[in-house]
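Heads up: the structure comes next, in structure tokens.
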Amino acid sequence: MNDKSNRKDTEANKLTGRLSRYAKVGTGVGSAAARVAASRAFSSDKDHLAEARLFKQALGSLKGPLMKVAQLLATIPEALPAEFAEELAQLQNEAPAMGWPFVRRRMAAELGTDWQDRFASFEREATAAASLGQVHRATSHDGEALACKLQYPDMASAVEADLSQLKILFALHRQISKAIDTTEIADEIGARLREELDYVREAGHMRLYKTVLADRPDIHIPDLHEDLSTGRLITMQWLEGRKLLEFKGDDQTVRNMLCRNMFEAWWRPFTSHGVIHGDPHLGNYTAWSDDGGDPQGLNLLDFGCVRVFPPSFVKGVVELYRGLQADDRDRIVSAYDIWGFKGLNNELIDILNVWARFIYGPLLTDKVMAISDGSGSAAQYGRQQAFTVHKQLKEKGPVRVPREFVFMDRAAIGLGSVFIHLRAEMNFHRLFEDALQSHELETVGERQASALQAAGVAPAIEAA
């Protein structure tokens with residue numbers, strides 16, 4: 001009887017939280033959308049910058065998942081017009097950390113009322129607070145430094161409420177641009193954001209990367225503490241390290257080493273197992289050193305946004321690379337077909353190739369080079385090319401982008417931005433060829449299935 005009542009109370013609380021979130025989010029986003037629609041009804045001039053600032057103002061008052069969605073959209077070049085992307089990119093995760101009484105209750109809910117006895121120490125102040133949760137430093141009874149990532153309460157309700165508002169942003173996008181059909185993009189963002197709420201899955205991602213990168217002692221993955229982790233709490237080894245941007249002024253050798261590790265940590269898991277670290281944000285990596293001197297390698301810190309791809313998608317990536325390399329149009333078209341592009345004609349293929357040659361450009365050039373597209377700014381990396389593609393697709397499109405592209409493109413652009421920040425100069429072609437030659441492409445599916453099973457990672461979440 002009590003269990004039944006508790007379930008009803010829990011369901012009621014979730015519903016109440018979701019309705020409250022709908023009201024708060026809907027007021028800001030809906031009001032902004034209405035004002036944009038009104039301005040368009042009475043004016044033939046489309047001031048995208050003013051509209052973008054309007055939405056930035058509306059979203060800037062919110063915290064939580066929708067803030068994360070807005071920032072994510074800003075990093076997907078084809079998702080929004082340039083003016084919107086530039087404004088939304090300025091939004092920051094400034095979610096206020098939960099206070100100690102709140103943290104104490106949340107930890108008790110995850111580990112039991114005696115949770116503090118399970119740590120030698122637990123810092124009351126959070127070391128970091130973001131859109132979905134916050135991190136506290138702790139110490140095990142064996143003296144090991146730990147990082148406890150604790151999810152905020154009612155995040156599932158907040159995510160569903162915020163995703164319902166995402167369609168407003170995309171509806172506005174459809175008014176502004178007919179170049180890209182954003183249906184698949186919206187579905188992919190929703191599925192991946194729901195995955196980020198599942199800390200059991202994130203723990204599996206950590207185990208997965210431990211296996212995939214086991215032969216890379218210079219790339220560190222934190223050890224997981226299973227007995228101190230739940231679906232909304234993940235406790236892991238605290239990895240000491242320095243932020244990557246601290247090395248912007250170091251020797252070229254140091255900067256290249258860090259970027260080479262970034263390249264390996266991103267491309268090798270993809271070519272061998274069909275998985276990528278989908279958020280190559282500078283805050284998700286630090287540089288480690290045993291003696292406190294020059295960095296010796298890279299720490300990977302966050303595994304919430306890991307994308308598992310169908311093996312066929314990996315084949316398409318390699319096919320397009322080889323097609324562009326040989327200027328083989330049939331092979332290029334075959335790659336787009338493998339990925340699931342529909343209704344492409346020669347004109348649309350030519351337009352897509354503009355973007356493809358930009359993304360693959362550094363990989364196709366067999367020489368030491370820097371990543372640059374002429375913008376000179378990591379924040380603007382890819383925007384000029386995306387604008388060119390958009391302009392052409394407005395006349396010949398729309399094109400529906402297969403959902404797998406969302407995080408592939410986002411991660412590729414993020415990786416390039418890191419290389420620009422650190423002014424890397426490397427032979428990216430040789431690095432990529434090494435990644436391809438180290439594994440037989442035909443066995444990606446077998447390796448992926450085996451690794452996922454061993455790591456306890458469930459199949460990817462699909463669109464709701």
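Cut-off 16 Å, label point 7 angstrom out along Cα-to-Cβ of D223: give me the residues of the range 121-139 whose amide nitrogen falls inside. Counting only backbone N, you get 138-139.
Annotation: amide H of R400 within the under-5 Å range of D181, K342, sequence separation 5 or more or interchain, hydrogens built in the peptide plane. Here the 3J(HN,Hα) profile of the range 217-227, calculated from phi with Karplus coefficients 6.51, -1.76 and 1.60 at θ = phi - 60°, is x, 7, 10, 9, 10, x, 6, 8, 9, 4, 5 Hz, Gly and Pro shown as x. Beyond 29 Å in Cα-Cα separation lie none of the pairs K248/K367; K315/K367; K342/K391; every one falls at or below that value. A simple spin-label model places the labels of S289 and K210 2.8 nm from each other, with each point 7 Å out along Cα-to-Cβ.
Would the range 218-366 count as rounded, prolate or oblate if I go by the C-alpha gyration tensor, calling it rounded below 1.5 in a/c and otherwise prolate when a/b exceeds b/c, oblate otherwise? Verdict is oblate for the range 218-366. Each residue of the range 419-430 was assigned a 3J(HN,Hα) from its phi angle through the Karplus curve 6.51 cos²θ - 1.76 cosθ + 1.60 (θ = phi - 60°); the sequence is 4, 5, 3, 8, 6, 5, 9, 9, 8, 5, 4, 5 Hz, with glycine and proline shown as x. Evaluating 6.51 cos²θ - 1.76 cosθ + 1.60 at θ = phi - 60° for every residue in the range 110-115, the Karplus couplings come out as 8, 10, x, 5, 9, 4 Hz, glycine and proline recorded as x.
Note on Q325 and V200: the model spin-label points, each 7 Å out from Cα along the C-beta direction, lie 4.2 nm apart. Relative to the current alpha-carbon distance between E395 and N345, full extension at 0.36 nm per residue lengthens the span by 16.7 nm. Once both labels are positioned 7 Å from their Cα atoms along Cα-to-Cβ, the gap between A458 and V354 label points is 4.2 nm. For the peptides 221-229, 250-258, the ranking by mean Cβ contacts within 10 Å, running from highest to lowest, is 221-229, 250-258.
Subtracting the Cα-Cα distance of E446 and F102 from their residue separation scaled by 0.36 nm leaves 119.4 nm.
Each value in this text was obtained by applying a stated rule to the coordinates, not by laboratory testing. What you see is a predicted model, and the numbers here were worked out from it, not measured in a lab. Neighbour counts run over all protein chains shown; Cβ positions are idealised from the backbone, glycine included.
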